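What follows is a short report on a single structure.
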Amino acid sequence: MAALERGLSILEAFTHAGNPLSLAELSQLTGLYKSTILRLCASLLRCGFLHRLDDGRYHVGPAVFQLGRIYQRSFKLGDAVVPVLRHLVSKTGESASFYVRDGESDVCLYRIDSPHPIRDAGVAEGDRFPIDDSACSLMLSSLGGKPCPSPEMRAEDIVVATKQSRRIAGAAAVLSPVFQLEKRLAGVLLLSGPESRFTDAAIGEMTRLLLDQSAHLTQVLGGDARPFLRALAETAEA
């Protein structure tokens, strides 16, 4: 098991680097001895998980691509998102949604309603909203066209709270982005409910919960969750 974990740590190094790596670079990124890396790389090369370039550097091999294709064919976004939404609702009691940008509209792709009789009604899965100056729309616009997240992003740069929803009168929301492969925006996780329940203390708890679940979902989608985890650690220290 330990050898398997060390081998996987070598493959994981390429997800952060994004380019061929030398033996010295692999040692620095993984913390493994060069002799250990050479032994593990020999096995990964034989199985097609690594490819060695003429200059001695390593890159991921075709077997990784084949596994990725299998994952893409079998993966359904809802299978990853809906359990996260259920978890958010169970922890906060508020409605949880996942929004994406589709052309000139923001789409509520998935949603789990709050169990409270008083909640932000009027939004359902599949609802489309024109692009506007709401917090969700602004986040989809600002992060949708560039590689993210930045390693320097702090909690306040990631999670946005608004006590006056632009789309639903009397509603408040806390939202966080989710990223996928190549640092592209996958969508926005959003907790929403009546303004009266979104106290500063509640928003603080929701912020930590959203950072945790955004990190989890980003990892599932192949994105870099480290900025979320760093921001989460910052909130714990505050």
Residue within segment 91-106 that is touching a residue at least 12 places away in the same chain (Cβ under 8 Å), surrounded by 18 or more Cβ atoms within 10 Å (Cβ to Cβ) and in a helix (DSSP H, G or I) present: yes
Entirely in segment 1-80, the helices (runs of 4 or more DSSP H) that have 2 or more residues that are of a type in the set (A, V, I, L, M) and modelled with pLDDT of 90 or more: 23-30, 34-46
Residue pairs meeting the criteria (Cβ under 9 Å; at least 6 apart or on separate chains; first not assigned by TED's automatic domain parsing to the domain that holds G170, in segment 194-209; second buried (at least 16 other Cβ atoms within 10 Å of the Cβ) and of a type outside the set (V, I, T)): none
Members of segment 180-228 that are hydroxyl-bearing (S, T, Y), closer than 17 Å to C136 by Cβ and outside any helix (DSSP H, G or I): S192
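For every residue, the table says whether it meets (1) in the same structural domain as L210 (by TED's automatic domain parsing); (2) β-branched (V, I, T).
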| site | (1), (2) |
| --- | --- |
| A24 | no, no |
| S27 | no, no |
| L32 | no, no |
| R46 | no, no |
| R52 | no, no |
| H59 | no, no |
| V81 | yes, yes |
| T92 | yes, yes |
| Y99 | yes, no |
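The values are calculated or read from the model by the stated rules, or taken from the named source; none is laboratory data. Note that this is a predicted model, so its numbers are computed, not measured. Ideal geometry is used to build each Cβ from the backbone, glycine not excepted, and the neighbour counts take in all protein chains shown.
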